[in-house]
Amino acid sequence: MEKNNILQILFLYKEFKIATAKYLKISENNGIYSIKILDLKLINDISSEFLIGKELVVKIYLNRAKLMLLTLIINSNEIIEIDRNIFYLEEVYTDEIYTFHQRYLDIFYGWYKGKEYSWRDFKVQQERNEWLRCCYFWNGVPVSLKLDKEYVLNDEKELKTPLDLHCLLSEVFFGKRGYFGAESNAFIDCLTSLDPFLEKLEKKIILVINNFAHINYKVSQEIGYNGYLFEIAKELEASNFIIVKK
């Protein structure tokens, strides 16, 4: 995939594109908001001073699949380095539907820069959920599977919650940026999208789950329910999978 398709940041004034950037970060300190912009490129000889006092709309596209919107008014600016600007904001707000999420942007910027990481690099559950959301923006819901691959889910230290299980299932079936739901309902939605593909298969897909009972115990304890992995396995079996429990 071309880099320009991974992440696009556009600045608009009265619906006209006036600038682009590679990355931005919004910070707050004692009620004062600022926005740091990396590699701001102004269009048609516009100067950075032109931006002061204007109501600007920032459109951020993640893989052309997710749009986030910011509206801001700048009251001053400072050049930190030749390719880094910081603007102090009079106002900043986001759209209720196309809500801005800094971590989504950070993850996609990491991918844009070629950084390879996984859900294990995020230690907080909310961050892992945001990671999976980005994987969804990247790949969408699955519609097919590789048939020549052996699918094995192993127990590991990082596997503690239902969300961790869905992170691992996503990775096992669809690779480093795969998405297979972030909770049971989204998981079932993904299986539904796979059903037309699965129904045509002559052989069922096999998933080997090592240390099944222990994984089930760990992820179920977090929600006070004793059979979370059993329910996931049941849904897979209903969709033409064979589950080998070891």
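The values are calculated or read from the model by the stated rules, or taken from the named source; none is laboratory data. If you're wondering where the values come from, they're calculated on a predicted model, not measured in any experiment. Quick reminder, even Gly has a Cβ in these numbers, built from the backbone with ideal geometry, and neighbours come from all protein chains shown.
The table that follows gives values for the structure above.
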| read-out | value |
| --- | --- |
| Selection from the stretch 96-117 of residues that are at pLDDT 95 or above, crowded, with 16+ Cβ neighbours inside 10 Å and of a type in the set (Ser, Thr, Tyr) | Tyr104, Tyr109 |
| Residue check, Leu62 crowded, with 16+ Cβ neighbours inside 10 Å, closer than 14 Å to Ala19 by Cα and in the same structural domain as Thr99 (by TED's automatic domain parsing) | no |
| Residue in the stretch 84-98 that is assigned to a loop (DSSP other than H, G, I, E, B), in contact with a Lys or Arg (Cβ under 9 Å, 6 or more places away or on another chain) and under 16 Å from Gly175 (Cα atoms) present | no |
| Index of the failed condition, Tyr93 passing every other in (1) under 24 Å from Asn5 (Cβ atoms); (2) surrounded by fewer than 16 Cβ atoms within 10 Å (Cβ to Cβ); (3) among the aromatic types (Phe, Trp, Tyr) | (1) |
| Pairs, first β-branched (Val, Ile, Thr) in the stretch 154-171, second surrounded by fewer than 22 Cβ atoms within 10 Å (Cβ to Cβ), C-beta under 7 Å, six or more apart | Thr161/Gln125; Thr161/Glu222 |
| Number of the exception - Lys41 against (1) farther than 18 Å from Thr71 by Cβ; (2) out of contact with any Ser or Thr (no Cβ under 7 Å at 6 or more places or on another chain) | (2) |
| Single condition Glu116 does not satisfy, out of (1) over 9 Å from the mean Cα position of the chain (by Cα); (2) in contact (Cβ under 8 Å) with a residue 60 or more places away in the chain; (3) assigned to a helix (DSSP H, G or I) | (3) |
| Residue match in the stretch 159-174 (condition: within 27 Å of Tyr61 (Cβ to Cβ) and either among the aliphatic types (A, V, I, L, M) or loosely packed, with under 15 Cβ neighbours inside 10 Å (or both)) | yes |
| Matching entry among Leu40, Leu12 (being over 30 Å from Gly178 (Cβ atoms), touching a strand residue (DSSP E or B) at 6+ places or on another chain (Cβ under 6 Å) and either assigned by TED's automatic domain parsing to the domain that holds Asn139 or at pLDDT 95 or above (or both)) | Leu12 |
| Selected residue [within 20 Å of Tyr136 (Cβ to Cβ) and touching a residue at least 12 places away in the same chain (Cβ under 8 Å)] from Lys66, Lys41 | Lys66 |
| Enumeration of residues in the stretch 52-86 that are of a type in the set (A, V, I, L, M, F, W, C), touching a strand residue (DSSP E or B) at 6+ places or on another chain (Cβ under 8 Å) and at pLDDT below 90 | Ile79, Ile80, Ile86 |
| Criterion: part of a helix (DSSP H, G or I), assigned by TED's automatic domain parsing to the domain that holds Ser239, within 24 Å of Lys245 (Cβ to Cβ) and not basic (Lys, Arg) - qualifying residue of Leu147, Leu198, Leu159, Leu132 | Leu198 |
| Those residues of the stretch 13-25 which are surrounded by 17 or more Cβ atoms within 10 Å (Cβ to Cβ) and outside any loop (DSSP other than H, G, I, E, B), in sequence order | Ile18, Ala19, Ala21, Tyr23, Leu24 |
| Tally, over the stretch 187-246, of residues that are surrounded by fewer than 13 Cβ atoms within 10 Å (Cβ to Cβ), modelled with pLDDT under 95 and under 17 Å from Glu156 (Cβ atoms) | 1 |
| All positions within the stretch 67-85 that are within 16 Å of Asp39 (Cα to Cα) and either crowded, with 16+ Cβ neighbours inside 10 Å or aromatic (Phe, Trp, Tyr) (or both) | Asn77, Asn85 |
